[in-house]
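Written out below as structure tokens is the structure these notes cover.
The values are calculated or read from the model by the stated rules, or taken from the named source; none is laboratory data. This one's a predicted model, so the numbers in the text were calculated from it and none came from an experiment. Positions of Cβ are generated from backbone atoms using ideal geometry, with glycine treated the same way; all protein chains shown enter the neighbour counts.
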Ligand SMILES: Nc1ncnc2c1ncn2[C@@H]1O[C@H](COP(=O)(O)OP(=O)(O)O)[C@@H](O)[C@H]1O
Ligand SMILES: [Mg+2]
């Protein structure tokens, strides 16, 4: 039997989407095939501390308190000293003179992380600097797509329709910017970086828009003022590159909404609420998977269905994305017009239910197999050429390198 691949599943983190990330992390831990992988959880607290231990596999233990942490091991990634024997190591924090700290070896990281810290290129950069394969987009792709303004620009240049959008950063003259806004009202105002619909709302007129921007500035460093799409319905689709190297799309979903927009509650708490979720890990109806949705909505005719899929694939390529991101679109139900909205490179539950519902269904563990394989082969192909010149022509002789 070949040796199993060692996988570190990282989740939690100092992000507003900390709790949702725990759900995704537990689902990933459960879905990975134990015949192929040796998996361990790495929970990152809101304070940024990294912990591992079997107790982290049980959802009843969240959020770990001081008593539970005594059952866990606090670990760190030592930059410049993480590689050992062709693998990487997490090391116990606080191993002393008498006791050598425990080590945890791994071959690849799955970041089951949403939002700032982990879906934004930060963790990806740390891992890439050590040459560690990490599932999903690289530091550049993740850094680009966490920024809604940049993503909108990339989408427009790749030929996707986007709503008229204005960027306003803290410290800028908001009144002057709104004076220059050529669009009509209402507008939609939202944070540039934050997710989960936090701080996002319709603003009915200019004064209200100024107020909404001020509200965003309490949460985020920049806001977007955007043409508000009326009669809103939303369509989401996931994209990946399959083992044959072809781009493939999942089922399209239309999330069902209660209010005007899909807010945090609609997204994560519908279908009974978090408190009612069972304790069985990996139960199919958790987190994003529990939100009510229509898969392959019948009102989407073949032409618009195909259009959404082609746009999603074009943007996946244009931003050099990897993994299985979900791309979200806005549609005016009255006119049928569709605009690109945003990319979620690491969507809640990795949107596995969209893959299960694809024309050629892909199971969650198969999806994970493929994105792990992709992460490892991408890292190998990006291995740096340490010294481009032959030893004789180099400035210094490399002895024993
Ligand atoms: N231009 C817009 N017009 C109308 N509604 C919008 C617009 N942009 C976003 N929304 C609504 O707000 C929700 C959250 O915005 P989104 O850009 O997806 O940010 P995030 O999901 O990262 O919080 C969307 O799912 C949609 O319901
Ligand atoms: Mg969204």
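Below are the figures for this structure:
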item	result
Matching residues in the stretch 80-110 - criterion: being surrounded by 10 or more Cβ atoms within 10 Å (Cβ to Cβ) and farther than 25 Å from residue 32 by Cα	81, 93, 94, 95, 100, 101
Of all residues in the stretch 202-211 being surrounded by fewer than 20 Cβ atoms within 10 Å (Cβ to Cβ) and outside any helix (DSSP H, G or I), the one that is farthest from ligand 1 (Cβ to nearest atom)	205
Identity of the residue in the stretch 235-260, surrounded by 17 or more Cβ atoms within 10 Å (Cβ to Cβ) and at pLDDT below 95, that ends up nearest to ligand 2 (Cβ to nearest atom)	255
Selection count where residues are away from ligand 2 (no atom under 14 Å from the Cβ) and either in contact (Cβ under 8 Å) with a residue 24 or more places away in the chain or touching a strand residue (DSSP E or B) at 6+ places or on another chain (Cβ under 7 Å) (or both), scope the stretch 217-232	11
Yes/no for residue 55 being touching a residue at least 12 places away in the same chain (Cβ under 8 Å) and surrounded by fewer than 16 Cβ atoms within 10 Å (Cβ to Cβ)	no
Some residue of the stretch 274-286 being within 16 Å of ligand 2 (Cβ to nearest atom), modelled with pLDDT under 95 and not assigned by TED's automatic domain parsing to the domain that holds residue 368	no
Among the candidates 174, 139, 202, residue that is outside the structural domain of residue 348 (by TED's automatic domain parsing), modelled with pLDDT of 95 or more and within 26 Å of residue 231 (Cβ to Cβ)	202
Failed item in (1) in contact with a helix residue (DSSP H, G or I) (Cβ under 7 Å, 6 or more places away or on another chain); (2) assigned to a helix (DSSP H, G or I); (3) without any contact (Cβ under 8 Å) to a residue 40 or more places away in the chain, with residue 199 passing the rest	(2)
Subset of the stretch 337-349 that is more than 11 Å from ligand 1 (Cβ to nearest atom) and touching a helix residue (DSSP H, G or I) at 6+ places or on another chain (Cβ under 7 Å) - its residue that is nearest to residue 369 (Cα to Cα)	349
Which listed residue is modelled with pLDDT of 95 or more and out of contact with any helix residue (DSSP H, G or I) (no Cβ under 9 Å at 6 or more places or on another chain), from 66, 31	66
Of all residues making up the stretch 212-227, the number that are surrounded by fewer than 20 Cβ atoms within 10 Å (Cβ to Cβ) and near ligand 1 (Cβ under 8 Å from one of its atoms)	1
Count - residues of the stretch 17-42 that are in a loop (DSSP other than H, G, I, E, B) and either crowded, with 22+ Cβ neighbours inside 10 Å or touching a strand residue (DSSP E or B) at 6+ places or on another chain (Cβ under 9 Å) (or both)	3
Selected residue [within 14 Å of the chain's Cα centre (by Cα) and either within 16 Å of ligand 2 (Cβ to nearest atom) or over 20 Å from residue 191 (Cβ atoms) (or both)] from 329, 350	350
Single condition residue 331 does not satisfy, out of (1) closer than 30 Å to residue 225 by Cβ; (2) crowded, with 17+ Cβ neighbours inside 10 Å; (3) at pLDDT below 90	(3)
Search result, residues across the stretch 179-201 that are more than 30 Å from residue 118 (Cβ to Cβ) and either under 28 Å from the mean Cα position of the chain (by Cα) or away from ligand 1 (no atom under 16 Å from the Cβ) (or both)	179, 180, 187
Failed criterion for residue 171 (all others in (1) more than 25 Å from residue 323 (Cβ to Cβ); (2) touching a strand residue (DSSP E or B) at 6+ places or on another chain (Cβ under 6 Å); (3) exposed (fewer than 15 other Cβ atoms within 10 Å of the Cβ) hold)	(2)
